[in-house]
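Enquirer: Please find one structure pasted underneath; my questions will follow.
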Amino acid sequence: MTADHEKPVGELSLRTVAMPADTNPSGDIFGGWVLSQMDIAGGVVAHQRAKGRVATVAVDSMVFHQPVKVGDVVCCYADLRKIGRSSMTIHIQTWIIREAGGLRVKVTEGDFTYVAIGPDGKSRPVDAA
């Protein structure tokens, strides 16, 4: 069940539980923690597509829709939107499953850009493994 009947877009790339150590002074989960989980999720998809090392080079947009609470199951969905010569743009949605009742809510979304990295530490074509 979702709050507004919208469904996640992309593949489930990461699932974790928000813990008390990740809270901000207001008691909600710190936005930077959520952002880092999204970056990890996008990095997994980018690494698979590039068949090797990638680096995050930009967070092109980021929107926080709702707060994340301690105990929420945080689910990051990654949708590969664009592939360039050496870069990939991945749209990442973060949904949570609330402990009470299993309500699924979209809490954040953003566009992340990753670049494929070669053994020399420089960019390489995405399709060169």
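Enquirer: Under a point spin-label approximation (7 Å from Cα along Cα-to-Cβ), what is the residue 16-residue 127 distance to one decimal in nm?
Expert: 3.4
Enquirer: A further question on this structure: Normalising by the residue count of the chain, find the relative contact order in percent from Cα pairs under 8 Å and 6+ residues apart.
Expert: Contact order relative to length: 31 percent.
Enquirer: Next question. Please give me the summed charge of the neighbours of residue 23: other residues whose Cβ is under 14 Å from its Cβ, Lys and Arg +1, Asp and Glu -1.
Expert: For residues surrounding residue 23, the net value is -2.
Enquirer: Something else about it: For the cross-link pairs 51/106; 51/122; 7/51; 7/82, which exceed 19 Å when the distance is taken from alpha carbon to alpha carbon?
Expert: Pairs exceeding 19 Å: 51/106; 7/51; 7/82.
Enquirer: Gap in Å between the Cα centre of the stretch 53-129 and the Cα centre of the stretch 23-45?
Expert: So the separation of the two Cα centres works out to 11 Å.
Enquirer: By average Cβ neighbour count within 10 Å, what is the ranking of 91-97, 46-52 from highest down?
Expert: 91-97, 46-52
Enquirer: I've got another one for you. For the chain, with the dipole built from +1 on Lys and Arg beta-carbon atoms and -1 on Asp and Glu ones, taken about the Cα centre, which of 83, 67, 9 lies farthest toward the positive end?
Expert: 83
Enquirer: Right, here's the next one. Find out how many positive minus negative residues lie around residue 41, taking Lys and Arg as positive, Asp and Glu as negative, among other residues whose Cβ is under 12 Å from that of residue 41.
Expert: Its environment carries a net charge of -3.
Enquirer: Calculate the dipole size of the chain relative to its Cα centre from +1 charges on Lys and Arg beta carbons and -1 charges on Asp and Glu beta carbons; express the result in debye to the nearest 20.
Expert: Here the size comes out at about 440 debye.
Bear in mind these aren't lab numbers, they're just calculated from the coordinates by the rules spelled out. These figures come from a predicted structure and were not determined experimentally. Neighbour counts are summed over all protein chains in view; Cβ atoms, including those assigned to glycine, are modelled from backbone coordinates with ideal geometry.
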